[in-house]
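The values are calculated or read from the model by the stated rules, or taken from the named source; none is laboratory data. Everything numeric here is computed off the predicted structure, so don't read it as measured data. So basically every Cβ, Gly included, is an ideal-geometry build from the backbone, and we count neighbours across all protein chains shown.
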Amino acid sequence: MDLSSTIRSRRSVRAFRNDPVPEALLRELVELANWAPSAGNLQARDFIVVRDASTRQRLAGAADQTELAQAPVVIVACTNASRISKYGQRGRDLFTIQDAAAATENLLLAAHDRGLGAVWMGSFGEEEVRRILGMPPHARPVCLVALGWPAEAPPIPERLPLGQILHLEHW
């Protein structure tokens, strides 16, 4: 699939088949995610791959999102403040989140390109997710991605016209 088609045809998939996702494919997706740009190329992000059903169920509770329990895999994109110290507070508070977000978009596009479905979730109890996953103090969960073989083909969502979002040289 060419890049334009991949971008335009990717959807937030919330229903998954029970088929497992091979570990080699998960590793490839995370590697492609890490090719996203990052502040100073410091790659201040990490990924936690969760396949255990009990842990996925607990994450679903922390997010109030049943898709997390139903998907065979949840990938948690996290900041890693230990890799960003040269940028001070702005690096810890902003750049690490941008790094994780850019990598998540790569992950979503790569997953779609390989026939997988996924949905990015940002609404969850951060401290509860940290506790469930035993995360160290320098890491912060940014988003939870439910991932698996799709059991649905969501409709094409509406997009705002370019004239409403494009501002050339000034607002």
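Exactly one residue among L32, L3, L26 is modelled with pLDDT under 95 and farther than 16 Å from G134 by Cα, and that residue is L3. When residues in segment 141-158 are screened for being out of contact with any strand residue (DSSP E or B) (no Cβ under 7 Å at 6 or more places or on another chain) and within 23 Å of A103 (Cβ to Cβ), 1 of them pass.
Taking the condition modelled with pLDDT of 95 or more and hydrophobic (A, V, I, L, M, F, W, C), does A153 pass?
Numbers: modelled with pLDDT of 95 or more: no; hydrophobic (A, V, I, L, M, F, W, C): yes.
So A153 does not fit the description; no.
Sub-8 Å Cβ pairs linking a first residue in segment 152-171 that is closer than 30 Å to R17 by Cβ to a second residue that is modelled with pLDDT of 95 or more and among the aliphatic types (A, V, I, L, M), at least 6 apart or interchain, are E152/V13; E152/A15; P154/V13, ordered by first then second residue.
Name the residue, out of A153, A111, that is closer than 30 Å to A81 by Cβ, hydrophobic (A, V, I, L, M, F, W, C) and out of contact with any Asp or Glu (no Cβ under 7 Å at 6 or more places or on another chain).
Working: A153 fails: closer than 30 Å to A81 by Cβ.
The match here is A111.
Here's a check for you: in segment 98-130, which residue that is more than 14 Å from F47 (Cα to Cα), in contact (Cβ under 8 Å) with a residue 60 or more places away in the chain and among the charged types (D, E, K, R) is surrounded by the fewest Cβ atoms within 10 Å (Cβ to Cβ)? So the residue we want is R114. Checking each residue in segment 81-135 for being assigned to a helix (DSSP H, G or I), among the charged types (D, E, K, R) and closer than 20 Å to R8 by Cβ picks out E105, D113. Restricting attention to segment 66-80, the residues that are assigned to a loop (DSSP other than H, G, I, E, B), surrounded by fewer than 20 Cβ atoms within 10 Å (Cβ to Cβ) and touching a residue at least 24 places away in the same chain (Cβ under 8 Å) add up to 1.
One line per residue, one yes/no per condition, for (1) closer than 18 Å to R27 by Cβ; (2) in contact with a helix residue (DSSP H, G or I) (Cβ under 7 Å, 6 or more places away or on another chain):
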site: I84; (1), (2): no, yes
site: Y87; (1), (2): no, yes
site: L94; (1), (2): no, no
site: S123; (1), (2): no, yes
site: R131; (1), (2): no, no
site: G148; (1), (2): yes, no
site: E152; (1), (2): no, no
site: R159; (1), (2): no, no
site: L166; (1), (2): no, no
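Just wondering, is there one or more residues in segment 88-96 that are buried (at least 16 other Cβ atoms within 10 Å of the Cβ) and within 15 Å of V119 (Cα to Cα)? Within segment 88-96, not a single residue is buried (at least 16 other Cβ atoms within 10 Å of the Cβ) and within 15 Å of V119 (Cα to Cα).
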